[in-house]
Structures are given as structure tokens and as C-alpha cells.
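Chemist: Below you will find the structure I want to go over with you.
The values are calculated or read from the model by the stated rules, or taken from the named source; none is laboratory data. Computed from a prediction, not measured in an experiment: that's the story for all the values here. Ideal geometry is used to build each Cβ from the backbone, glycine not excepted, and the neighbour counts take in all protein chains shown. These area figures cover heavy atoms from the full protein model, side chains too; ligands, DNA and RNA do not enter into them. Shrake-Rupley method; radii C 1.70, N 1.55, O 1.52, S 1.80 Å.
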Amino acid sequence: MGDSPPPPELDSWFLSQGWGATLSDSENEPHDIYAIGIQESGWNDKDVVVRVKNILKRLHGMDFEKIAFKELWFMKVVVLVKPEHRNRISHVQTDSVKTGIGNTLGNKGAMGISFTFDTTSLCFINCHLTSGVEKLNRRNQNYHDILRGLANLKQGQQIRTFDLTHQFHHLFWFGDLNYRIDMTGPRIVELAKSSEFVELLLEDQLQKEQKSGRAFVGFHEHDIKFPPTYRFKKNTRTLDDYVWIKQKSGGRTRINVPSYCDRVLWKSYPGTRIECLAY
């Protein structure tokens, strides 16, 4: 969001409508759980919860209940459930970790919410990792720092020595991961306009780091069938509106090529399964 407000109409976000794999109107039944993460947001905690609840009430005609909310500077995450599920939720934990300069600034980092739904343990992590095409190693380090820093999310003292990614039946990790595409801006736009997403993803830093075993090992993601989500001119969303050259003070030029910065990943226990219906 940066210094721009969110769009006035957010219904399509909650109905999984837009580019990529989407749901039809007949498939858009209310979910049991909603986990919403935002970055670079000027909304305060009350704004986030009230606005999300109002949207869900208008779309589905029910008052969803907040399970937990956590914020870190301009990042927020909130989890809501259908009212009939409230008594099925237990062991709610929240935590946050800063990964900005010297791991002391909260402009980058993550926050998470974990809980148990009946006997199924769930965790939701919202993050904003280091930006810049050249800061790949720093993003990978952010990932490992977050795993260590969110220790309070772990379920049970007896297993706190295990990696956070092995603590839950299902762990969802989303946000502005900031991984870039290792191509020139014009080439990326050319491939995006011709819907050659497979070729784009061959140079996607996140997928390459996963394959190399350096970050997000074992995490899954739905097939990407949409153009890069970063970065467009304000209040626009067409493939002619990518902006990747920025003039900085002192005459310097900053290059931020169009990329798949915004991602949703998950990791589950062996023998369990997640089916992603829209992405």
C-alpha cells in the first residue's frame, strides 16, 4: 500500500475474484476461517478489524468473530471465524519479530497467530521481507530470523526445540516476500502480456531459492497463472502501467523490475492435505 490508501472496494479480494484461478459466484460460500494480512498500512487495529468484519457481514450476512489480532509497525494480521466455531478454538498465541536494520526496526519483519481448531493446529504468518532485487541473501536471512523469532507461536513447551514449520498441522505464510524476477523490466512485461508465466517463473527468485534449499523448503504454492503483482502506477492495474524505474535523490536511479512479490505459501504435516481453490 505504501503511502496510498487501499481501494475503496475490497469485495473482490474476499470473493477471490480477479486474475489467476478464481471462484465462481456459486462457489463463494463463506469460509469457516479468514486470515487477513496487510503491509504498509496506515489503518489502526480497530480500522482493520471493523472493516474486515463489515465486508464479511455485507457479503455473507453474518458477524464473524475475531480470534486474534497482531500488528508490527505498519503490518497487521487478523484471524476471524464463523460465530458457531468460537468455542472450538483454543491455545491462541500471537508473536512478532523485527527484521529491519540490525533486526531492531519493525518496518520489515513478521507477526503470526496460532491456535487449535478442535484437534487441528493452525498457524498464520504475515511478513514483509527486505526489498531490492540485489538483496536476495538478506531476504533468505529474514526467513530464518522469523522462524527463530516467532517462538511464542509454538504449541507446547515439550516441542519448542523443533523448527516452527514442523509445529502445526498446517502453517500458512503470506505477505510481501519481496522476491524478484531475474530479468530486465521490458522482457518481463513482454512475457506478462503474452501470458508466458512459466517462463517468468523460471527466473523467480523465490522458486529458485526453494529448489536450492536455502529458504521456504517444503512450502507449497498454487500454480501462478497471473502477471506479476508488483509494481503498478497508483490506482491502475493494467499491463501497460508497470513502473520499475524510480528517480532517487542525487540523480540516482532505482530499478525495481515487475515481480511476484506478494505470495501465499503453506506447509502441512505429512499425510494431511491442503487444496487451494483460488489464487
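Chemist: Please find, within segment 94-131, the residue that is nearest to the chain's Cα centre (by Cα) out of those that are crowded, with 23+ Cβ neighbours inside 10 Å and aromatic (Phe, Trp, Tyr).
Modeler: Phe124
Chemist: Could you pull out the residue among Glu40, Glu29 that is in a loop (DSSP other than H, G, I, E, B) and touching a Gly at 6+ places or on another chain (Cβ under 6 Å)?
Modeler: Result: Glu40 is the single residue among Glu40, Glu29 that is in a loop (DSSP other than H, G, I, E, B) and touching a Gly at 6+ places or on another chain (Cβ under 6 Å).
Chemist: Does segment 22-40 hold any residues that are surrounded by 15 or more Cβ atoms within 10 Å (Cβ to Cβ) and among the hydroxyl-bearing types (Ser, Thr, Tyr), and which are they?
Modeler: Initially, segment 22-40 is screened for residues surrounded by 15 or more Cβ atoms within 10 Å (Cβ to Cβ), giving 22, 28, 31, 33-39.
Passing the criteria: Thr22, Tyr34.
Chemist: Across segment 201-230, what is the total count of residues that are among the charged types (D, E, K, R), surrounded by 14 or more Cβ atoms within 10 Å (Cβ to Cβ) and within 16 Å of the chain's Cα centre (by Cα)?
Modeler: Residues of segment 201-230 among the charged types (D, E, K, R): 203-204, 208-209, 211, 214, 221, 223, 225.
After this cut, where a residue has to be surrounded by 14 or more Cβ atoms within 10 Å (Cβ to Cβ) as well, the list is 203-204, 208-209, 214, 221.
From the residues that got through so far, the ones that are within 16 Å of the chain's Cα centre (by Cα) too are 221.
Total meeting the criteria: 1.
Chemist: Still on this structure: Do we have Leu265 as over 27 Å from Ala110 (Cβ atoms), open to solvent by less than 30 Å² (accessible area, probe 1.4 Å) and touching a helix residue (DSSP H, G or I) at 6+ places or on another chain (Cβ under 9 Å) here?
Modeler: Details: over 27 Å from Ala110 (Cβ atoms): no; open to solvent by less than 30 Å² (accessible area, probe 1.4 Å): yes; touching a helix residue (DSSP H, G or I) at 6+ places or on another chain (Cβ under 9 Å): yes.
No: the conditions fail for Leu265.
Chemist: Just name the residue that is modelled with the highest pLDDT out of those in segment 150-171 that are in contact with a helix residue (DSSP H, G or I) (Cβ under 8 Å, 6 or more places away or on another chain) and not in a loop (DSSP other than H, G, I, E, B).
Modeler: Applying the filter and picking the extreme gives Leu171.
Chemist: For His91, which of the numbered conditions (1) surrounded by fewer than 16 Cβ atoms within 10 Å (Cβ to Cβ); (2) in contact with a Ser or Thr (Cβ under 8 Å, 6 or more places away or on another chain); (3) part of a helix (DSSP H, G or I) fails to hold?
Modeler: Checking His91 against (1) surrounded by fewer than 16 Cβ atoms within 10 Å (Cβ to Cβ); (2) in contact with a Ser or Thr (Cβ under 8 Å, 6 or more places away or on another chain); (3) part of a helix (DSSP H, G or I), the one that fails is (3).
Chemist: Between residues in segment 23-37 that are in contact (Cβ under 8 Å) with a residue 40 or more places away in the chain and residues that are in a loop (DSSP other than H, G, I, E, B) and surrounded by fewer than 16 Cβ atoms within 10 Å (Cβ to Cβ), which pairs lie under 6 Å by C-beta distance while being six or more apart or on different chains?
Modeler: Filtered contacts from segment 23-37: Leu23/Ala278.
Chemist: Just the residues that are in contact (Cβ under 8 Å) with a residue 12 or more places away in the chain and not in a helix (DSSP H, G or I), please, taken from segment 196-214.
Modeler: Residues satisfying the conditions are Glu203, Asp204, Arg214.
Chemist: Quick one: what pairs do we get from segment 218-230, first residue closer than 19 Å to Asp241 by Cα, second surrounded by 17 or more Cβ atoms within 10 Å (Cβ to Cβ) and among the hydroxyl-bearing types (Ser, Thr, Tyr), C-beta under 6 Å, 6+ apart or different chains?
Modeler: Going by the 6 Å Cβ cut-off, the qualifying pairs are Pro228/Ser259; Pro228/Tyr260; Tyr230/Ser259.
Chemist: Here's another thing I want to ask about it. With assigned to a helix (DSSP H, G or I), under 30 Å from Asn142 (Cα atoms) and either of a type in the set (A, V, I, L, M) or in contact (Cβ under 8 Å) with a residue 40 or more places away in the chain (or both) as the only criterion, which of Val79, Val52 stands out?
Modeler: Val52
Chemist: Same structure, new question: Suppose the filter is assigned to a strand (DSSP E or B) and either more than 30 Å from Thr104 (Cβ to Cβ) or free of Cβ contacts under 8 Å to residues at least 24 places away in the same chain (or both); does Lys66 pass it?
Modeler: Considered against the rule, which asks whether it is assigned to a strand (DSSP E or B) and either more than 30 Å from Thr104 (Cβ to Cβ) or free of Cβ contacts under 8 Å to residues at least 24 places away in the same chain (or both), Lys66 comes out as yes.
Chemist: Here is a check on your reading of the model: is Trp43 of a type in the set (A, V, I, L, M, F, W, C), more than 16 Å from the chain's Cα centre (by Cα) and open to solvent by 50 Å² or more (accessible area, probe 1.4 Å)?
Modeler: Taking the combined requirement at face value, the residue does not satisfy it.
Chemist: Are any residues in segment 105-131 under 30 Å from Asp182 (Cβ atoms) and assigned to a loop (DSSP other than H, G, I, E, B), and if so, which ones?
Modeler: Matches in segment 105-131: Leu105, Gly106, Asn107, Lys108, Leu129, Thr130, Ser131.
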